[in-house]
Amino acid sequence: MTIILAPMEGVVDHLMRDMLTQVGGFDLCVTEFVRIVDQLLPSRVYYRLCPELHQQGKTAAGVPVRVQLLGQDPDWLAENAYRAVSLGSHGIDLNFGCPAKTVNNSKGGAVLLKETQRLYDIVSAVRKAVPAEQLVSAKIRLGFEDKSMAIENAQAIEAAGADLLVIHARTKVEGYKPPAYWDWIGKIRQHTSIPIIANGEIWSLDDAKQCQQQSACYDLMLGRGALALPNLAQVIKGTQLPMNWEQVKQLLIQYSGYEIFGDKGRYYPNRIKQWLGYLSRQYIEAEELFSRIRTLRHSDEIVTQLEQ
């Protein structure tokens, strides 16, 4: 089974990738998206978003990282894709799933699911630009407003030469509201032969099993579920039991050291509160801890609470 750590803008940065891949169970990470408009971005942009490029494109735990690009111009996406793999990215992922209004209003992300030909043109251009040994993957939703173009869009991406397709089992309009329509991934599989990764609303081992059954996909991508239960990938693979709160608390302390002494230290209070929000789905203690630090703004005060 392959399990991929999902790209989540403002959440799964290189610090979180490092933390979660050390916990284990992940076979690949995908970065937050790099927005491409009308230029070839300098190398420093890629190094800033994906510092792992300095270490052969892998996390400290040895897990490969793939740069994700977002945009609407096939030629500029192709040029930037070539640059990213030249710098060490393990393939290229194309974002056709982001539901954010600001992104969609700029003709990026999920809004492109309305334009099947544009999907084909982008994937085709990137596939031609990237060396054959480097995989090109795409991440889509089931559609923008409805699912009427889901199969057609997947077929276009396959025809354009993509090696892998990740499907988030909801439309843009459905956002992140339960349920995820895993059975629709199964429908798409019946009309395509491209390898497909199922994504969306996988919070537990039971969810994973149901997703695999309904989608007919063995391989999975985990996003929010991995933040709520840090060793979810290991649990799904059957190599570990769910972490207890003491183990999670040690992770929080370790993560605090990363954040405070890293390049994003000033964001630490917000980031740790954000993570506790996800953890509270699985751990009542996380909700209690959040209530204690909710009004705190200084890192040392928060760490003191964590260590109690």
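Readers should treat all values here as calculations from the given coordinates under stated rules, not as data from a laboratory. Please read these numbers as outputs of a predicted model, since none were measured by experiment. Cβ placement follows ideal geometry from the backbone for every residue including glycine, while neighbour counts extend to all protein chains displayed.
Between the listed residues GLY62, SER106, ALA6, the Cα displaced farthest toward the positive end of the dipole of the range 1-135, a dipole computed from Cβ unit charges relative to the Cα centre, is found at SER106.
The C-alpha atoms of the chain define a longest principal axis, and helix 150-159 lies at about 70 degrees to it. Among the listed pairs LYS187/LYS237; LYS177/LYS209; LYS58/LYS139; LYS139/LYS273; LYS139/LYS249, which are separated by more than 30 Å between their Cα atoms? From the list (LYS187/LYS237; LYS177/LYS209; LYS58/LYS139; LYS139/LYS273; LYS139/LYS249), the Cα-Cα distance tops 30 Å for LYS139/LYS249. With Cα atoms as the point set, the range 245-306 shows a radius of gyration and Dmax of 10.6, 31 Å. In the chain, the longest principal axis of the Cα atoms and the axis of helix 284-293 are about 70 degrees apart. All other residues whose Cβ lies under 13 angstrom from that of GLN72 are scored, Lys and Arg at +1 and Asp and Glu at -1, for a net of -1. Couplings 3J(HN,Hα) for the range 34-50, derived from phi with the Karplus relation 6.51 cos²θ - 1.76 cosθ + 1.60 (θ = phi - 60°), are 9, 7, 10, 10, 9, 7, 7, 6, x, 4, 4, 5, 6, 5, 5, 6, 9 Hz, where x marks Gly and Pro. Using a 10 Å Cβ count of at most 16 others and DSSP loop calls, identify the longest part of the chain lacking such GluC sites (Glu not before Pro). The longest such stretch corresponds to 146-306. Each Lys and Arg contributes +1 and each Asp and Glu -1, all at the Cβ; summed about the Cα centre of the chain, the dipole is approximately 340 debye.
For the Cα trace of the range 1-40, dividing Rg by the Kirkwood Rh returns an Rg/Rh value of 1.08. Scaled to the globular estimate 2.2 N^0.38 Å, the Cα spread of the range 24-68, given as radius of gyration, is 1.23. Straight-line reach from LYS114: which aspartates and glutamates fall under 13 Å, measuring Cα to Cα and dropping same-chain residues less than 8 apart? Cα-Cα hits under 13 Å: GLU145, ASP146, GLU152. Using only the C-alpha atoms, the convex hull of the range 196-308 corresponds to 108 Å³ per residue. Taking every alpha-carbon pair under 8 Å whose residues sit at least 6 apart, the range 3-237 reaches a relative contact order of 17 percent. Between 0 and 90 degrees, the angle of helix 205-215 with respect to the longest Cα principal axis of the chain falls at about 10 degrees.
Calculated mean residue ellipticity at 222 nm for the chain: -13000 deg cm²/dmol, from DSSP H runs with n ≥ 4 weighted as -39500 (n - 2.57), summed, divided by the residue count and rounded to 500. Amide H contacts under 5 Å for VAL34: GLN68, LEU69, LEU70, restricted to partners 5 or more places along the chain or on a different chain, H placed in the peptide plane at 1.01 Å from N.
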